Amino acid sequence: MDKERKLIIAGNWKMNKTVAEGVALVNGIKREVKDVKEVDMVVCPPFTALSEVSKAILDSNIRLGAQNMSEHNSGAYTGEIAAGMLKEFSARYVILGHSERRQFQKESDELISKKAAAAHAASLKPIVCVGETLAEREGGQMETVLLTQVRGSLAGLTKPQMEETIVAYEPVWAIGTGKTASAQQAQDAHAFIRSLLVKLFDETVARRVRIQYGGSVKPSNTRELMSLPDVDGALVGGASLEDRSFADIIKNSI
Ligand code: PGA
């Protein structure tokens, strides 16, 4: 697939995989995708597996990401992990503001924007998640919700930082439900997000930012989703927990 922006496929393992299981998974993925150069490939294990997974992908074409981080650099924040600590494992990416964290940890757009700034300060590329719930979509609120989340979560980023930020459009109703957005729904939402980036930043920035789709991505729906003009990759949950399915998603995106 010849696209303007390089695709980025990231696996969000969520709260799954022990260290041994994570290493086995990433070794399997590594074998399957060793010749892939066309797409950026990222795995995001839980914090506990970052160290060993990092070693396992050394000298490979797979990059490391984390699933969250603190907005602070250090100090009395029990249970938190700082960007600098993720860098120790050579992490390059960090998922921020996933809908599960917005829902269960009550993360706000303001907090997510602070985390995004802290990530950039440490040279980590944030993958900032946005997306509407089913009730919001059915209530005609999709665009308002996306506007609020995009404006709030990316507030304060400079243009060069924004260009190095990945936005993940993840409609909440499609996450882990087996329901994928239709091609039209995905393209419309992605084009809308890009139009917001034009207003909030500028044309050039908006053209360069990669917008991933997330929500029940699997090998069988990858090709259609990745062929959409404003879809620049995928953030994959369930289907990233098995080496063959994650590798097939990657291969089907090329
Ligand atoms: P899913 O999760 O692929 O299992 O729907 C996607 C995500 O939450 O990032």
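The values are calculated or read from the model by the stated rules, or taken from the named source; none is laboratory data. Computed from a prediction, not measured in an experiment: that's the story for all the values here. Please note: Cβ atoms are built from the backbone with ideal geometry, for glycine as well, and neighbour counts cover all protein chains shown. Each accessible area value is taken on the protein alone, full model and side chains, heavy atoms only, with ligands, DNA and RNA left out. Shrake-Rupley method; radii C 1.70, N 1.55, O 1.52, S 1.80 Å.
For region 227-239, how many residues are more than 7 Å from the ligand (Cβ to nearest atom) and closer than 15 Å to V42 by Cα?
Residues flagged as more than 7 Å from the ligand (Cβ to nearest atom) and closer than 15 Å to V42 by Cα within region 227-239 amount to 3.
So, of the residues in region 155-206 that are under 18 Å from the mean Cα position of the chain (by Cα) and among the charged types (D, E, K, R), which turns out to be nearest to the ligand (Cβ to nearest atom)?
The selected residue is E170.
Residues being open to solvent by less than 40 Å² (accessible area, probe 1.4 Å), farther than 15 Å from I166 by Cα and not in a helix (DSSP H, G or I): count how many of those fall in region 181-236.
5
Can A91 be described as more than 14 Å from the ligand (Cβ to nearest atom), farther than 14 Å from V167 by Cα and within 16 Å of the chain's Cα centre (by Cα)?
yes
List, please: which pairs have Cβ atoms under 6 Å, are six or more places apart or on different chains, and start with a residue in region 156-176 that is closer than 18 Å to V231 by Cβ and end with one that is open to solvent by 70 Å² or more (accessible area, probe 1.4 Å) and within 16 Å of the ligand (Cβ to nearest atom)?
The qualifying pairs are W173/L134.
Working only within region 94-123, note down all residues that are farther than 24 Å from V172 by Cα and more than 18 Å from the chain's Cα centre (by Cα).
A121
Here are the criteria: (1) over 22 Å from K251 (Cα atoms); (2) open to solvent by less than 40 Å² (accessible area, probe 1.4 Å); (3) not aliphatic (A, V, I, L, M). Tell me which single one G11 does not satisfy.
The one condition G11 does not meet is (1).
Report the residue count in region 207-222 for those that are out of contact with any Lys or Arg (no Cβ under 7 Å at 6 or more places or on another chain) and within 16 Å of the ligand (Cβ to nearest atom).
10
May I ask you to verify whether H120 is closer than 23 Å to R63 by Cβ, at pLDDT 95 or above and away from the ligand (no atom under 15 Å from the Cβ)?
yes
Being surrounded by fewer than 15 Cβ atoms within 10 Å (Cβ to Cβ) and among the hydrophobic types (A, V, I, L, M, F, W, C) narrows it down to one residue among A56, A24, A49; which is it?
Only one candidate qualifies: A24.
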